[in-house]
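Here's the structure, in structure tokens; my notes come after.
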Amino acid sequence: MKPVLVSGMQPTGRLHIGNYLGALRNFVDLQNSGDYRCYFFLADLHALTEGPDPKTLEANIVNLAADYLAAGLDPGKVIIFQQSQIPAHSELAWILNTITPMGELERMTQYKDKAARAAANVNAGLFGYPVLMAADIILYDAAVVPVGDDQLQHLELTRTLARKFNARFGRTFVEPKGLLTKTPRVMSLKDPLRKMSKSEPESCLFLDDEPEEIRRKIARAVTDSGTSVEYDPERRPGLANLLELYGAITHMDPATVAKEFAGEPYSALKTRLAEAIAEHLSDFRKRKKALLAKPGAIMKIVDAGSKKAAAIAEKKIALVKKKAGL
Ligand code: TRP
């Protein structure tokens, strides 16, 4: 049997090019490798920790499912599902909560960052977020979890919890390994020292931006007062970000991209980068528009995937309860 691979994204708004290069494109490549039994889900229970408006959350769920499908995830090859449709995620998270030391959660840097930023909405769900994530993964006996480096600490906790449960109740769970993507962090177009973020739309390239918007935003991207195109992330971070983006889209390394543009003005790089991105995403945009014209059909696919995932999850949670004496 092929190893199981599980990953998910939160339906918290429009995806940008960083989410695509760092996660979604990788999901599609992993699917097409044929090396894994893949489960890709919509982490809507996780999204609740941000306190979204219900109508917005509902729309974001459909939108993220459309992103998955438009990017090339194929329900004939992988299982695409919605976390909240499968009660076993919440049940297992509760059981894992009871073996999770408070100290482990207090150490989580993502929690500390979020708590510092969102002082008004530091709910217990934000604190327990990594436990639910562990449940998402070990419920399916995942061996492999593609994640960004910001999630590695959560994955380490997942391994710890699997090990602890096994030690206490007998061998039940697989300890998963993280699969890191090589993609560089995509930085803000206006402030290349900060990560690209959807909260600043003018510094952010959304996946479904029209070519005209992509061109406009890249034309206004911050560079520096130099004139020669060179790859120097330390001293010329804005230019480096554009070279890295170009490299990620065209599968070239950024230093090679810089050589290709040597002697040309920054504007040439910007124009060609905008063209490369618009072109790379052109099928995606078309497919996504067609999908969103029929939101009911999108959710049918998700519902069918959720039924398949539920069948597997229910067996596992029954075993877990038995082991724990419930
Ligand atoms: N926390 C992940 C993120 O923000 C999303 C996520 C939730 C996830 N559960 C998961 C990713 C399980 C991989 C596996 O990116």
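Scaled to the globular estimate 2.2 N^0.38 Å, the Cα spread of the chain, given as radius of gyration, is 1.06.
Largest first, the extents of the alpha carbon coordinates of the range 111-164 on the three principal axes equal 37, 21, 16 Å.
Between the amide H of Met252 and any residue lying 5 or more places away or on another chain, no distance stays under 5 Å, with hydrogens modeled in the peptide plane.
Return one number: the angle in degrees, 0 to 90 and rounded to the nearest 10, between the long axis of the Cα atoms of helix 295-324 and the longest principal axis of the Cα atoms of the chain. That helix lies at roughly 40 degrees to the long axis. When the alpha-carbon atoms of the range 195-322 are used, the pair Rg, Dmax equals 21.0, 69 angstrom. Remark on Met187: its backbone amide H falls under 5 Å from those of Met196, a criterion applied only to residues 5 or more positions apart or on other chains, H modelled at 1.01 Å from N. In this structure the chain gives 47 Å² per residue of accessible area when probed at 1.4 Å with all protein chains present.
Using the Karplus relation 6.51 cos²θ - 1.76 cosθ + 1.60 with θ = phi - 60°, the per-residue 3J(HN,Hα) values for the range 248-259 come to 5, 6, 9, 6, 10, 8, x, 5, 5, 4, 4, 4 Hz, with x marking Gly and Pro. Each residue of the range 178-183 was assigned a 3J(HN,Hα) from its phi angle through the Karplus expression (A = 6.51, B = -1.76, C = 1.60, θ = phi - 60°), giving x, 10, 7, 7, 7, 3 Hz with x at Gly and Pro.
With r defined as the distance between the Cβ atoms of Arg235 and Lys321 and R0 fixed at 56 Å, what FRET efficiency is calculated, to the nearest 0.05? Before the final figure, lay out the partial values.
Details: r = 58 Å, r/R0 = 1.03.
Efficiency computed from Cβ-Cβ geometry: 0.45.
Annotation: amide H of Leu207 within the under-5 Å range of Leu15, His16, Ile17, sequence separation 5 or more or interchain, hydrogens built in the peptide plane.
Stretching the chain fully between Lys300 and Lys195 yields a gain of 34.3 nm (0.36 nm per residue, less the alpha carbon separation). With K and R counted +1 and D and E -1, the other residues having a Cβ less than 14 Å from that of Phe40 yield a net charge of -1.
Residue ranges 152-161, 129-138 sort as 129-138, 152-161 when ordered by packing (mean number of other C-beta atoms within 10 Å per residue, highest first).
With a 1.4 Å probe rolled over the protein heavy atoms of all chains, the accessible area of Met102, Met299 falls in the order Met102, Met299, largest first.
Can you run the Rg to Rh ratio on the range 209-280? Use alpha carbon positions and the Kirkwood inverse-distance Rh. Display every interim value, and only then the final one.
Working: Rg = 11.2 Å, Rh = 12.0 Å.
Taking Rg over the Kirkwood Rh, I get 0.93.
Classify the range 131-248 from the C-alpha gyration tensor, please: rounded if a/c falls under 1.5, else prolate or oblate depending on whether a/b exceeds b/c.
It is prolate, given that a/c is not under 1.5 and a/b is the larger ratio.
Label-to-label distance for Arg216 and Ala167 is 5.7 nm, based on points extended 7 Å past Cα in the beta-carbon direction. The range 27-59 and the range 198-250 have Cα centres lying 27 Å from one another.
Sequentially through the range 159-169, phi angles give Karplus couplings (6.51, -1.76, 1.60; θ = phi - 60°) of 5, 4, 5, 4, 5, 5, 4, 4, 5, 7, 10 Hz, Gly and Pro residues having no value and appearing as x. Which value, in Å to one decimal place, does the Kirkwood hydrodynamic radius take for the range 258-301 when every pair of different Cα atoms is included? Value: 12.9 Å, from the Cα pair sum. Cross-link partners for Lys289 among the lysines, with Cα-Cα distance under 24 Å and sequence neighbours closer than 8 places in the same chain left out: Lys55, Lys77, Lys198, Lys217, Lys300. The calculated FRET efficiency for Ala59 paired with His251, based on their beta-carbon distance and R0 = 25 Å, is about 0.15.
The values are calculated or read from the model by the stated rules, or taken from the named source; none is laboratory data. Quick caveat, the model's predicted, so the values are computed rather than measured. Backbone-built Cβ (ideal geometry, glycine too); neighbour counts: all protein chains shown. For the accessible areas, the whole protein counts, side chains as well, though only heavy atoms, and no ligand, DNA or RNA atoms are used. Shrake-Rupley method; radii C 1.70, N 1.55, O 1.52, S 1.80 Å.
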